[in-house]
Amino acid sequence: MYEALATLVLLAHLLFILFCILGGLLCVYRVRCAFVHLPALAWGLSTEFFGINCPLTYLENYLLTKAGDLGYAGDFIGQYLLFLIYPEGLTTEIQVWLGIALLGFNLAVYLFVFNSRRNNRSSALANSE
């Protein structure tokens, strides 16, 4: 049971990482998504820039320990997705570059959202006159 819970936490961890990376794209359709995405992005950036461990990592390790440290051998998620969250050879320098890429991508997305909304308002004002 603990191993299954650890797998679910690993999957949640992966989804959170994907949300940090791509969640800004939701703001193209719903600007209010920024209220959820920006705090998640801030947390994701802090883990990259400052080497802070995510609480989900601690929970995964706790559950794996409770499971007798069986790990993810033979488990699809562990076999194919674990390396995405915890890549081997990840150095502090690589983490900082990942943080810069995360920040740059999301900055571009939010600039696009901001400009789109500004252009829409300008068009609406021009049409009303």
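All of the numbers you see were taken from the coordinates with simple rules; none came from a lab. Note that the structure is a prediction, hence the values are computed from the model and not measured. Counting neighbours? That spans all protein chains shown, and the Cβs are built from the backbone with ideal geometry, glycine included.
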Item to check | Relative contact order for the stretch 1-60, counting Cα pairs under 8 Å that sit 6 or more residues apart, in percent | outcome: 42 percent
Next on the checklist: What distance in nm lies between label points placed 7 Å from Cα along the C-beta direction at Ala40 and Leu5?
Outcome noted: 2.4 nm
